[in-house]
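Okay, structure first, notes after.
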Amino acid sequence: MKKQILLFCSIFLLGGLQACQEKKSNDQIQVNSLDATTNNQGSDLNNYSPIFQSILKSDAGMARGVSLGDTFDGIKESTLPSETQPDNGRSYTEYFDNTDLNFADILYSKDKTNKVSEIAIDVYIEKQPTVDSLFQEFKSYFNKKYGAGTDKTKTTSWEIADGKQLLVLQNVSTQKDPGFKIVFANKSDKEVQ
């Protein structure tokens with residue numbers, strides 16, 4: 001009798017694990033494939049890769065439907081909060097697969113009036129060619145949305161909102177950790193790097 005119960009529990013557990021694994025693999029984004037997808041008709045993001053779409057989420061606002069000056073409490077994030085949270089904002093992590101090697105950390109900072117004062121997105125992907133391609137996608141997208149940016153070594157920046165705000169796209173890749181950073185900030189709070 002004990003063996004039958006143990007056998008039944010084992011089969012039930014294995015079946016549940018298999019179902020979870022299938023769901024997880026279906027939800028993953030192809031990290032090493034930057035093929036554009038056309039599922040969301042009517043959005044500028046359709047012409048970009050699934051990873052790009054996962055990072056930016058929406059072409060509304062500056063990033064992920066949020067803009068500088070928005071009410072901080074009005075931020076609606078679709079991903080779970082990061083394990084550690086900053087004192088002056090909220091942090092989220094968007095994973096692109098189940099390896100913990102391919103992800104974006106999203107940080108929203110707020111000012112004294114409870115408005116969004118900075119949006120910083122750190123993107124890390126294990127393969128440098130994918131990072132380089134994604135960096136070029138963001139550069140192209142921001143050039144289209146905000147006009148031609150100013151290029152410096154490993155950095156492109158844009159003055160937006162009549163020069164009051166700054167957008168910086170910076171390649172922060174190291175040999176061990178390929179990645180890039182996107183920062184939206186008020187120009188008075190941030191200098192061009």
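The values are calculated or read from the model by the stated rules, or taken from the named source; none is laboratory data. Computed from a predicted model, the values in this text were never measured in an experiment. Cβ coordinates were reconstructed from backbone atoms using ideal geometry, including for glycine residues, and neighbour counts include every protein chain displayed. Heavy atoms of the whole protein, side chains included, go into the accessibility calculation; ligands, DNA and RNA do not. Shrake-Rupley method; radii C 1.70, N 1.55, O 1.52, S 1.80 Å.
If I filter the range 102-117 for residues that are in contact (Cβ under 8 Å) with a residue 60 or more places away in the chain, farther than 17 Å from Pro50 by Cβ and either part of a strand (DSSP E or B) or touching a strand residue (DSSP E or B) at 6+ places or on another chain (Cβ under 8 Å) (or both), do I get at least one hit? Even if it seems obvious, please write down each step before you answer.
So in the range 102-117, the residues in contact (Cβ under 8 Å) with a residue 60 or more places away in the chain come out as 102, 117.
Now drop any that are not farther than 17 Å from Pro50 by Cβ, which leaves 117.
Of the ones still in play, those that are also either part of a strand (DSSP E or B) or touching a strand residue (DSSP E or B) at 6+ places or on another chain (Cβ under 8 Å) (or both) are 117.
Yes: one or more hits.
In the range 80-105, which residues are open to solvent by less than 70 Å² (accessible area, probe 1.4 Å), closer than 17 Å to Gly69 by Cα and not basic (Lys, Arg)? Full working, then the answer.
Going through the range 80-105, the residues open to solvent by less than 70 Å² (accessible area, probe 1.4 Å) turn out to be 82, 86, 89-94, 96-97, 99, 102-105.
With closer than 17 Å to Gly69 by Cα added as a condition, the list becomes 89-90.
Across the range 80-105, the qualifying residue is only Gly89.
Restricting attention to the range 144-174, which residues are within 18 Å of Asp70 (Cα to Cα) and open to solvent by 60 Å² or more (accessible area, probe 1.4 Å)?
Matches in the range 144-174: Asp162, Lys164.
Kindly indicate whether Asp177 is touching a residue at least 12 places away in the same chain (Cβ under 8 Å), in contact with a strand residue (DSSP E or B) (Cβ under 7 Å, 6 or more places away or on another chain), open to solvent by 20 Å² or more (accessible area, probe 1.4 Å) and in a strand (DSSP E or B). Full working, then the answer.
Details: touching a residue at least 12 places away in the same chain (Cβ under 8 Å): yes; in contact with a strand residue (DSSP E or B) (Cβ under 7 Å, 6 or more places away or on another chain): yes; open to solvent by 20 Å² or more (accessible area, probe 1.4 Å): yes; in a strand (DSSP E or B): no.
Answer is no for this residue.
Applying the selection to the range 61-79, what residues are under 25 Å from Asn47 (Cβ atoms) and open to solvent by 50 Å² or more (accessible area, probe 1.4 Å)?
Matches in the range 61-79: Lys76, Ser78.
How do the pairs read when you match residues in the range 56-74 that are at negative phi with residues anywhere that are open to solvent by less than 40 Å² (accessible area, probe 1.4 Å) and part of a helix (DSSP H, G or I), using Cβ under 7 Å and keeping only pairs 6 or more apart or on different chains?
Leu56/Leu45; Asp59/Leu45; Ala63/Leu56
Go through the range 113-127 and report how many residues are open to solvent by 60 Å² or more (accessible area, probe 1.4 Å) and either at pLDDT 95 or above or of a type in the set (Val, Ile, Thr) (or both). Spell out how you get there, then give the answer.
Kept after step one, since they are open to solvent by 60 Å² or more (accessible area, probe 1.4 Å), are these residues of the range 113-127: 113, 115, 124, 126-127.
Subsequent filtering for residues that are either at pLDDT 95 or above or of a type in the set (Val, Ile, Thr) (or both) retains 113, 115, 124.
Qualifying residue count, the range 113-127: 3.
Just a yes or no: is a residue in the range 165-178 within 24 Å of Asp44 (Cβ to Cβ) and of a type in the set (D, E, K, R)? Working first, answer last.
The initial filter retains those residues of the range 165-178 that are within 24 Å of Asp44 (Cβ to Cβ), namely 165-171.
From what's left, of a type in the set (D, E, K, R): none.
No.
Is it fair to say Gln53 is open to solvent by 60 Å² or more (accessible area, probe 1.4 Å) and either under 18 Å from the mean Cα position of the chain (by Cα) or at pLDDT below 75 (or both)? First the steps, then the outcome.
Numbers: open to solvent by 60 Å² or more (accessible area, probe 1.4 Å): no; either under 18 Å from the mean Cα position of the chain (by Cα) or at pLDDT below 75 (or both): yes.
Considered against the rule, which asks whether it is open to solvent by 60 Å² or more (accessible area, probe 1.4 Å) and either under 18 Å from the mean Cα position of the chain (by Cα) or at pLDDT below 75 (or both), Gln53 comes out as no.
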